[in-house]
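Heads up, the thing below is written out as C-alpha cells.
The values are calculated or read from the model by the stated rules, or taken from the named source; none is laboratory data. Please read these numbers as outputs of a predicted model, since none were measured by experiment. Cβ: placed from backbone, ideal geometry, glycine included. Neighbour counts: every protein chain shown. Please note that ligands, DNA and RNA were not included when accessible areas were found on the heavy atoms of the full protein model with its side chains. Shrake-Rupley method; radii C 1.70, N 1.55, O 1.52, S 1.80 Å.
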Amino acid sequence: MKYDHTAAQPVYGREMSGAAIVVQALIDQGVKHIFGYPGGAVLPIFDEIYQQEKLQHILVRHEQAAGHAAEGYARATGKVGVLLVTSGPGATNAVTPLQDALIDSVPILCISGQVPTTLIGSDAFQEADTVGITRPCTKHNWLVKNVNDLSRIIHEAFHVARTGRPGPVLIDIPKDIQLASGFYVEPKFVSMGYRPQLVGETRAIDYAVDLLCAAKKPVIYSGGGVINSGAHAVRLLRELVHIGDFPITSTLMGLGAYPANGKNWLGMLGMHGTYEANMTMHDCDIMLAVGARFDDRITGCLDAFSPDAKIIHIDIDPSSINKNVRVNVPIVGDVAYVLEAMMYRLRGISSMQEPSARESWWQQINKWRERKSLAYHQKTNVIMPQYAIERLYTLTKKYNPYLTTEVGQHQMWTAQFFGFDEPCHWMTSGGLGTMGYGFPAAIGVQIARPDDLVICVAGDASIQMNIQELSTAIQHRARVKVFIMNNQYMGMVRQWQQLLYGNRLSHSYVEAMPDFVKLAEAYGAIGIQCTKPGELDDCIREMVACDKPVLFDCRVVNLENCFPMIPSGRAHNEMLLADEVTDDVMENAIDANDRSLV
C-alpha cells in the first residue's frame, strides 16, 4: 500500500499514467466498446486505446452521435454505455445526448477531455466549463484534479449511472492529469456512498394490495422504470396482470414490458395512445403506476386526469412521486423489489373483487376497443404510413428485431402498429424528443447485437440530422436498416400547423431533398426505393436479406395525420379520432391558450 497525502483516500495497485488508468478502469468495469471522436485534449487516452486489444473504440462522425450510440448500446444490453469526447466543442456536442439520457433514464458515462489544470479559467483553446454546462443534464459529474483520484471516480461514476434511477454521468479530465503518473485502484477497493432505497415500505405495499383487491375498475400504467429494473421486474409485472386480470397500458418508453399480443394489453396511452387505453385511464377507480413519471404527454389536462382514481405510484426516484400528479399511495423503491413484495401478499389472498364487477369493467373496455381507434383508410395507389409499419412488423417479427426511431409521426406510428412483445427491443427518444437520435442509437444497438436485425424507422427530415453516421456504419460493419418514411414534410410539425395554425405550413415542407438511394451508394451502403403498396413486401424482404447498411426510401402519402390525438391541455376523454376530425372540430377542441402547450 502507498499513501498520497493529496489524494482523497489511500491508493492501491500499480503505478501508471492517468490515460492508462482510464483504459484499465473501463476494462475492469466490463466495457467492450466505447464510442467517440478524438481531439487534442484526449489524445493521451486515444494513445492508450491504440496499445491494447480488450476495448474497441467505435469512431463516430459527430459527438452527438457518440452519445446516442452509447444510449442505444446501454438500452440494448442493460450495461452502461460509454463515450469519449474532447474538450470544448467535443463536450458541448455531447450535451444533447446527456439530456436525452437524463430524461429517459439511460445509464451512460461521458469521459471528456479538458485543458491542463494550469489553463482552466484562462479561455484557453477549446476550453469550456464542461462541469458547469453539464451539471443540469447529468446525475452527477466530476472534474478530476488529482490523478490518484481518477480510478476511484471512474468506478463511482459507473455505480451512480446504473444504480437507482439510471442516468448519465460525466468525468472531465484535464490533459495534464492524463499524462501524470498515479496509482490505480481496483473496483473492489472503492466504497460506494450512493445507495438509493430499494425496498418499499411494508404498510404502503399492504395498502396498495388491498386497494387492488377491492378495485372495480383497476388499471396498470407501466413505464420505462419496469424495463430498467430488469427481467425479473418484467416477469413480476406480467404475473401481476395475469393473477389479477388487470388491464394494462404503457408509456412510449415502457413498450415491451407487457407483450403487445397479450389479452390484457390496451395499447399505448397518452397523446397518441389508443382510445381504450385513454378511456380506461380516465374512468378507472384504482390506478397502479409502475416506473412511470406522469409526464404531460401522458396526463393531458392535470385537472381532469383520472378524476375518480386512487393512485398507487411505485418509483425508485423519490423526486418523481407527487411531482406532477398527487398520489394516494407513494411507494419509493426498485420496481422488482416492490412487485415481489406485492406478489407475495397477493398469492396469499383467496380472491379479489367480485367477478361480476371485474367482468362489467372488461365489458366496458371491450366496447371501447370496438371503436378501432387505430383504423385508417387504406389506398391502393399510394403507401399509407400505417400500412408500411404493419408490413414491416409482419415481415420482420420472426427475427425478433431491435427497433429505434427518430422523432415525429413515424415514431408514433411505429409505437402504434409495431407489436413489441419483449423488453429492450424498442429504443426511442421519449422525453426530450431528439431528432437525430434513432440512427446513431441503432448503430450502438448493432454493435452490441452484431448478429441481430436492427431497424431504424426514420422520417425524411430527421434522418438528415445525423446522416453522416452512415460512414460509421460502413466502417464498423454495422448493418443497420434505415426505413425512411418519406412524406416530404416534417410530418408532426406540419400536422400541428394544419390543425392549429390555419394550415400555414411555415418551413415544414422539406425542399431540396437528397436522392436517398444515391446517397446510400455514395457511402458504400445499399439504397432501396419503394413507391407502390404492391411492391412493398418484396422490398422489405430485400432490405432484411442485405448484409450491409441499407437506406430504404419508402415513399408514403404526403399529408396523412397521426391519430388518435389528445389536443394539448385536454383530458383523456376528449381525444380526437381520425374519422371525427374536421377543421371545425379542431377549432372547437383547441383554443389559442392551448397552443403554448404543443
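Farthest towards the positive end of the charge dipole of segment 1-143, among the residues Ile103, Ala66, Gln126, is the Cα of Ile103, using unit charges on the Cβ of Lys, Arg, Asp and Glu. Between amide H atoms placed 1.01 Å from N, distances below 5 Å from His33 occur with Gln56, all of them 5 or more places distant or on a separate chain. Taking 24 Å as the limit for the C-alpha separation, the pairs Lys367/Lys532; Lys481/Lys518; Lys32/Lys398; Lys217/Lys372 exceed it in the case of Lys367/Lys532; Lys32/Lys398.
Net charge around Val332, counting only other residues with Cβ within less than 10 Å of its Cβ (Lys, Arg = +1; Asp, Glu = -1)?
Working: positive: none; negative: Glu201, Asp315, Asp317, Asp334.
After counting each charged neighbour, the total is -4.
The portion of the accessible surface of segment 11-133 made up by carbon and sulfur, rounded to a whole percent, is 51 (1.4 Å probe; DNA, RNA and ligands excluded). Normalised per residue, the accessible area of the chain is 40 Å², obtained with a 1.4 Å probe and no contribution from ligands, DNA or RNA. Diffusion of segment 157-260 by Stokes-Einstein, at 20 °C in a medium of 1.002 mPa s and with Rh set to the Kirkwood radius over alpha-carbon pairs, works out to 122 µm²/s. At an R0 of 41 angstrom, the distance between the Cβ atoms of Gln468 and Gln378 translates into a FRET efficiency of 0.65. Computed over neighbours whose Cβ is under 13 Å from that of Thr394, the net charge equals +2, Lys and Arg +1, Asp and Glu -1. Ordered from longest to shortest, the equivalent ellipsoid semi-axes for segment 476-545 are 30, 15, 11 Å, each the square root of 5 times a Cα gyration tensor eigenvalue. Rounded to the nearest Hz, the phi-derived 3J(HN,Hα) couplings of segment 426-440 under the Karplus curve 6.51 cos²θ - 1.76 cosθ + 1.60 (θ = phi - 60°) are 10, 10, 8, 8, x, x, 8, x, 8, 5, x, 6, x, 5, x, where x marks glycine and proline.
On C-alpha positions alone, give me the angle between the axis of helix 95-104 and the longest principal axis of the chain, in degrees, nearest 10. The angle comes out at about 50 degrees.
Loop-located GluC sites (Glu not before Pro) in segment 34-66 (DSSP state other than H, G, I, E, B) with a sparse environment of at most 13 neighbouring Cβ atoms within 10 Å: Glu53. In order along segment 336-346, the phi-based Karplus estimate (6.51 cos²θ - 1.76 cosθ + 1.60, θ = phi - 60°) of 3J(HN,Hα) comes to 4, 5, 5, 5, 4, 5, 5, 5, 4, 6, 5 Hz; Gly and Pro are listed as x. Peptide packing: for 541-549, 415-423, 70-78, the average count of neighbouring Cβ atoms within 10 Å per residue gives the ranking 70-78, 415-423, 541-549, highest mean first.
DSSP bridge analysis restricted to the chain gives an antiparallel fraction near 10%, rounded to the nearest 5. Isolated cysteines of the chain, defined as having no other cysteine beta carbon under 4.7 Å away, are Cys110, Cys137, Cys213, Cys284, Cys301, Cys424, Cys456, Cys546, Cys554, Cys562. Surface composition of segment 283-372: carbon plus sulfur atoms contribute 46% of the solvent-accessible area (1.4 Å probe, protein chains only, all chains present).
Taking the Cβ of Lys54 as the centre, find all other residues whose Cβ is under 13 Å away and add up their charges (Lys, Arg: +1; Asp, Glu: -1). Intermediate values should be presented prior to the final figure.
On the way: positive: Lys32; negative: Asp28, Glu48, Glu53.
Here the count lands on -2.
Would you work out the charge dipole size for the chain about its Cα centre, treating the Cβ of every Lys and Arg as +1 and the Cβ of every Asp and Glu as -1, and quote it to the nearest 20 debye? Don't jump to the answer; show the numbers that get you there.
Numbers: 51 positive and 63 negative charges, 207 e Å.
Dipole of the chain, to the nearest 20 debye: 1000 debye.
Protection proxy ranking, highest mean first, for peptides 35-43, 232-240: 35-43, 232-240, where packing is the per-residue count of other beta-carbon atoms within 10 Å, averaged.
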